[in-house]
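> Please read through the structure below; I'll follow up with questions.
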Amino acid sequence: MGAGIAQVAARAGFDVIMRDVAEEFLARGLTAIDQSLKRDVDKERLRSEEKSAIVARIKTTTDIGALSQAFIVVEAVTEDLDVKTGVFKSLDEATRADAILASNTSSISITKLATVTRKPDKVIGMHFMNPVPVMKLIEIIRGAATTDQTYETIRALSERLGKIPLECQDSPGFISNRVLMPMINEAIFALHEGVATRESIDGIMKLGMNHPMGPLALADFIGLDVCLAIMNVLHDGFGDSKYRPCPLLKRYVNAGWLGKKTGRGFYEY
């Protein structure tokens, strides 16, 4: 998702520094950006020279110090509290005092992330939807200390990126995944209990509820490890058994069947 965020920011005219821990990940991100923009050129939604200009606005680095002059940093690492807090500690040291630190987390507390920094008033959730270049929503989450000024800056930025910002308070799963993930988890329970096949479950939700993608296929697209991580956040955060992750979901993650990115999940790819 980091590459998608970099793409929409560069397309909106911003100079972007895309930072990752290894050159191979950066190369993979640039390839994804190039392929995404090429599809727009092929469909005549973008001119070739515009594509070149967008790519030229994106610089890559493995050095977190290169972010020292950034005015907004969007973190998009794995959905793990320890990993994210480590990143936010590093960003707090590397960035200037007035820089806003935004997290693309889909479930983790913004307030918790903010506490490891010296400027919790400038920490905010900026949850993009996947795929970033296509989906219009940005879910904006205020932490306990997030100021109105920080919120207004991110709201205005979201609109400049061509997105629709909608606000919610800091609560496990926020709104998007507090509603979505229990539905996906319940679909997995239905499969686990033999209530219906994967095709029937997804077909019923697509044809009967007009969902563009069935919940099991969507879980594969998101990543079953991500789904499990979010369900654990909901279960731990609310202490309610209705958020208990399905044993089948745990089994697939333990087996390394994480969905589309590994070639196997509830479906084979």
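The values are calculated or read from the model by the stated rules, or taken from the named source; none is laboratory data. Predicted model only: the values in this text are computed from it and were never measured. Cβ sites come from the backbone with ideal geometry, for glycine too, and all protein chains shown count toward neighbours. Accessible surface areas use protein heavy atoms only, side chains included; no ligands, DNA or RNA. Shrake-Rupley method; radii C 1.70, N 1.55, O 1.52, S 1.80 Å.
> Given all pairs of different Cα atoms, what value in angstroms does the Kirkwood hydrodynamic radius of the chain take?
About 19.6 Å, per the Kirkwood formula over Cα pairs.
> Relative to the longest principal Cα axis of the chain, at what angle does helix 198-209 sit, 0 to 90 degrees, rounded to 10?
70
> Excluding the sites themselves, what is the longest stretch of the chain that contains no GluC sites (Glu not before Pro) in a DSSP loop with at most 12 other C-beta atoms within 10 Å?
By the stated rule (loop sites, at most 12 other Cβ atoms within 10 Å), 45-192.
> Compute for segment 89-211: radius of gyration divided by Kirkwood radius, i.e. Rg/Rh, restricted to C-alpha atoms, rounded to two decimals.
1.10
> If you don't mind, another one. Name the residues whose placed amide hydrogens come within less than 5 Å of the amide hydrogen of Glu167, ignoring near sequence neighbours (fewer than 5 apart) on the same chain.
Amide H neighbours of Glu167: Ile140.
> Over the chain, calculate the relative contact order: mean separation of alpha carbon pairs under 8 Å at least 6 apart, over the residue count, as a percent.
13
> Give me the angle, in degrees from 0 to 90, between the Cα long axis of helix 81-94 and the longest principal axis of the Cα atoms of the chain, rounded to the nearest 10.
For helix 81-94, the angle is close to 0 degrees.
> While we're looking at this one, here's another question. Take the Cα of Ala56, step 7 Å along the line toward its Cβ, and report every residue of segment 7-23 whose backbone nitrogen sits under 20 Å from that point.
Answer for this model: 7-18.
> Rounded to two decimals, what is Rg over Rh for segment 1-84 when you use alpha-carbon atoms and the Kirkwood radius?
0.99
> Have a look at the DSSP beta bridges in the chain and tell me what percent are antiparallel, nearest 5.
So the antiparallel bridges in the chain amount to around 30 percent.
> Treating the angle as unsigned and between 0 and 90°, give the value, to the nearest 10°, between the Cα long axis of helix 224-238 and the longest Cα principal axis of the chain.
Its long axis makes an angle of about 90 degrees.
> Sticking with the crude label model, points 7 Å out along Cα→Cβ, report the distance from Thr78 to Asp40 in nm, one decimal please.
Roughly 3.1 nm, to one decimal.
> For segment 188-196, what does the Karplus curve 6.51 cos²θ - 1.76 cosθ + 1.60, with θ = phi - 60°, yield as ³J(HN,Hα) per residue in whole Hz, taken in order and with x for Gly and Pro?
Working through the residues one at a time gives 5, 4, 4, 5, 4, 8, x, 5, 7 Hz.
> Straight-line reach from Lys136: which aspartates and glutamates fall under 13 Å, measuring Cα to Cα and dropping same-chain residues less than 8 apart?
Answer for Lys136, where 13 Å is the Cα cut-off: Glu159, listed by chain and number.
> For Lys89, which lysines qualify as cross-link partners when the Cα separation must be under 26 Å and same-chain residues fewer than eight apart are set aside?
Lys89 reaches Lys59, Lys112, Lys119, Lys122.
> Also: Based on the Cα atoms of segment 171-269, what semi-axes does the equivalent ellipsoid have, where each is the square root of 5 times one gyration tensor eigenvalue, given in whole Å with the largest first?
Over the Cα atoms of segment 171-269, the semi-axes work out to 20, 16, 13 Å.
> Give me a comma-separated list of calculated 3J(HN,Hα) values for segment 257-267, in order, Karplus coefficients 6.51, -1.76, 1.60 applied at θ = phi - 60°, integers in Hz, x for any Gly or Pro.
Going residue by residue, I get 8, 9, x, 4, 5, 10, x, 8, x, 6, 10 Hz, with x marking Gly and Pro.
> Using only the heavy atoms of the protein chains and a 1.4 Å probe, how would Leu26, Leu228, Leu180 rank by accessible area, largest first? Provide the component values of the computation, followed by the final result.
On the way: Leu26 5, Leu228 25, Leu180 50 Å².
From most exposed to least exposed: Leu180, Leu228, Leu26.
> Continuing with the same structure: Students often forget the sequence filter, so: which lysines lie under 16 Å Cα-Cα from Lys43 once same-chain residues fewer than 8 apart are removed?
Lys51
> Still on this structure: If you only keep lysine pairs separated by 8 or more in sequence, or across chains, how many in segment 206-269 come under 20 Å at the Cα atoms? All intermediate terms of the calculation are to be shown ahead of the outcome.
Values: Lys206/Lys260; Lys242/Lys250; Lys250/Lys260; Lys250/Lys261.
Value for segment 206-269: 4.
> Evaluate the relative contact order of segment 133-254 (contact order divided by residue number), counting alpha-carbon pairs under 8 angstrom at least 6 apart; express in whole percent. Walk me through the intermediate numbers first.
On the way: 119 pairs, mean separation 26.8, N = 122.
Computed value for segment 133-254: 22 percent relative contact order.
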